[in-house]
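Worksheet: one structure, shown below.
The values are calculated or read from the model by the stated rules, or taken from the named source; none is laboratory data. Quantities reported herein were computed from a predicted structural model and do not represent experimental measurements. A quick note on method: Cβ atoms are made from the backbone with ideal geometry, for glycine too, and the neighbour counts reach across all protein chains shown. For the accessible areas, the whole protein counts, side chains as well, though only heavy atoms, and no ligand, DNA or RNA atoms are used. Shrake-Rupley method; radii C 1.70, N 1.55, O 1.52, S 1.80 Å.
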Amino acid sequence: MKKLMKLCMLCLSIFTLSCEKNPAAYTLPNETVNAPVLTSAKVQTVKVNGKWRLYKDGQVYYVRGAAANQFYDKIDDYGGNTFRTYSTNDSTQKTLDLAKANGLSVMMGIWVNRERDGFNYNDPVAVKAQLDRIKEEVMRFKDHPAVLIWCIGNEAESMYTNLKLWDAVGEIAKMIHEIDPNHPTSVALAGVDPVRIKDMMQRAPDVDILSINTYAPQMPTNLGNIQAAGWTKPYMVSEYGPRGAQSMAPEPTRVLPWGGIVEQTSTEKAVIYQQVYKDWIYGNVNNGCIGSYVFVWGYQMHGDVVNWYGTHDRKGRTNATVDALQFSWTGQYPSNRAPVITSRNDMLMNGKRPEDIVKVKKSSKNIATVTASDPDGDPLTYEWVVMLEGTSAADGGFPPGIPGLIETQNSKNINFTAPASPGEYRLYVFVYDNHNKVASACVPFLVE
């Protein structure tokens with residue numbers, strides 16, 4: 001843990017002070033001498049000089065991707081080249097067309113039913129119906145020029161017991177190879193369990209790429225676990241980001257007595273994204289890692305915390321994570337950077353930090369303050385919001401908050417009234433510059 005904190009502090013100093021170009025650190029080595037001649041309109045994994053590479057249309061294609069909920073058409077503005085979906089639906093054709101129009105590719109998500117949701121892999125009729133449904137989906141979209149990879153399921157093995165899941169996955173991968181030889185197959189797993197990888201390898205040998213959804217601070221162990229499983233094909237990190245809201249036990253000071261959890265500032269989160277990419281994604285480019293998909297592009301409710309993951313607010317303003325991603329993907333920060341709230345200790349409620357267990361009486365008078373800055377010297381404006389824990393807008397974005405509590409907006413120091421009803425709440429501050437960028441911080445608190 002101490003080592004991770006030191007790494008985060010190092011990355012923070014790089015993130016906040018450095019604006020230099022560094023493209024050499026983020027480009028693939030020149031391998032044209034021994035590169036194979038490949039057919040255009042085809043995606044495939046190839047070993048070049050003993051290193052796995054993904055090829056698209058005859059060219060090396062390192063996956064600089066996003067698990068996108070919104071703002072798909074903005075990914076390429078920051079150096080991304082692909083996004084992933086999780087299933088096909090009535091919007092898939094439109095999504096693929098949008099990707100093509102913006103020079104992007106799509107890792108096509110195929111929904112595979114999960115045992116934890118009641119699906120029975122001992123039922124041959126249900127398994128056959130799933131296979132037939134997926135075959136129709138592949139047939140419908142396989143010739144679209146934006147298709148990159150077929151991802152067979154997302155965390156379908158989560159809480160499973162029946163190994164016949166992998167038999168079904170194997171049949172799906174085999175079927176895809178038969179009807180679409182132009183695009184490889186992958187499976188997105190929840191974490192990197194060597195036992196599960198071994199089971200998949202044995203029962204689903206037609207899977208071409210291992211995809212893993214994994215979050216800090218587990219990232220340093222990924223490669224070792226993959227190698228321990230005996231996986232010899234390429235892999236991708238199909239979701240990554242800061243520690244998940246449901247896995248806070250290793251950081252007990254961030255778990256409050258009533259169950260609320262302390263959120264990092266947008267700046268702290270960005271440092272983690274940049275570190276993860278540098279050290280454990282691109283850092284393993286010659287160890288089988290052919291790229292990644294950041295979680296989550298846009299915004300999304302995560303557990304009970306609406307702002308835990310995300311690169312944008314509902315109005316499309318970008319936070320520091322997008323700056324970090326642009327540097328990761330291109331080697332250069334944007335010309336204008338997001339505002340900075342260096343640490344969650346830079347936001348105080350009644351003089352207390354988020355970890356200090358903030359409790360107040362209902363309808364009581366309170367104060368809060370935040371310390372923010374802007375790397376470009378832009379003027380800053382402030383918006384404060386009190387929200388009930390576990391609430392969100394209909395689209396999973398940030399809710400409007402409880403009206404009438406904040407006495408005066410647009411200040412780094414505020415007075416506000418606590419809600420009249422007991423319960424768990426969060427006080428958020430959003431700090432905006434005049435270039436459509438935002439920083440955020442929050443203090444969870446209990447009303448008694």
Note on Asp193: of the conditions (1) acidic (Asp, Glu); (2) closer than 30 Å to Glu268 by Cα; (3) crowded, with 17+ Cβ neighbours inside 10 Å, unmet is (3)
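Against the condition under 20 Å from Ile149 (Cβ atoms), in contact with a Cys (Cβ under 9 Å, 6 or more places away or on another chain) and polar (S, T, N, Q), how does Thr85 come out, does it pass?
Here the answer is yes, as Thr85 does meet what is asked.
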Is region 285-296 home to any residue that is open to solvent by less than 20 Å² (accessible area, probe 1.4 Å), over 18 Å from Tyr333 (Cβ atoms), at pLDDT below 95 and not in a loop (DSSP other than H, G, I, E, B)?
no
Filter result (closer than 20 Å to Tyr428 by Cβ, open to solvent by 10 Å² or more (accessible area, probe 1.4 Å) and part of a loop (DSSP other than H, G, I, E, B)) within region 257-267:
Trp258, Gly259, Gln264
Out of (1) farther than 28 Å from Val169 by Cβ; (2) in contact with a strand residue (DSSP E or B) (Cβ under 9 Å, 6 or more places away or on another chain), the odd one out for Pro250 is which?
(2)
Strands (runs of 3 or more DSSP E) completely within region 378-448 that count 3 or more residues being buried (at least 20 other Cβ atoms within 10 Å of the Cβ):
381-388, 423-432, 438-447
Selection status of Leu325, touching a strand residue (DSSP E or B) at 6+ places or on another chain (Cβ under 9 Å) and not in a strand (DSSP E or B)
yes
Do we find that Val112 is outside any strand (DSSP E or B) and at pLDDT below 90 in this structure?
no
Output for region 42-85, where each listed residue is surrounded by fewer than 19 Cβ atoms within 10 Å (Cβ to Cβ), part of a strand (DSSP E or B) and of a type in the set (D, E, K, R)
Lys47, Lys51
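Yes/no matrix, rows are residues, columns are (1) free of Cβ contacts under 8 Å to residues at least 40 places away in the same chain; (2) of a type outside the set (Lys, Arg); (3) out of contact with any Cys (no Cβ under 8 Å at 6 or more places or on another chain):
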| position | (1), (2), (3) |
| --- | --- |
| Gly241 | no, yes, yes |
| Leu256 | no, yes, yes |
| Val262 | no, yes, yes |
| Lys269 | no, no, yes |
| Gln275 | no, yes, no |
| Ile290 | no, yes, yes |
Could you grab the pairs with beta carbons closer than 9 Å, sequence gap of 6+ or different chains, first residue in region 172-187 and over 16 Å from Ala129 (Cα atoms) and open to solvent by 10 Å² or more (accessible area, probe 1.4 Å), second one assigned to a helix (DSSP H, G or I) and of a type in the set (D, E, K, R)?
Ile179/Lys135
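Is it fair to say Asn162 is touching a helix residue (DSSP H, G or I) at 6+ places or on another chain (Cβ under 7 Å), farther than 18 Å from Asp206 by Cα and at pLDDT 95 or above? So that I can check it myself, show each step before the final result.
Details: touching a helix residue (DSSP H, G or I) at 6+ places or on another chain (Cβ under 7 Å): yes; farther than 18 Å from Asp206 by Cα: yes; at pLDDT 95 or above: yes.
Taking the combined requirement at face value, the residue satisfies it.
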Can you pull out the residues in region 297-320 that are in contact with a Gly (Cβ under 7 Å, 6 or more places away or on another chain), farther than 17 Å from Gly390 by Cα and surrounded by 22 or more Cβ atoms within 10 Å (Cβ to Cβ)?
Gly298, Thr311, His312
Output the residues belonging to region 132-164 that are open to solvent by less than 10 Å² (accessible area, probe 1.4 Å) and either over 16 Å from Thr185 (Cα atoms) or touching a Cys at 6+ places or on another chain (Cβ under 9 Å) (or both).
Glu157
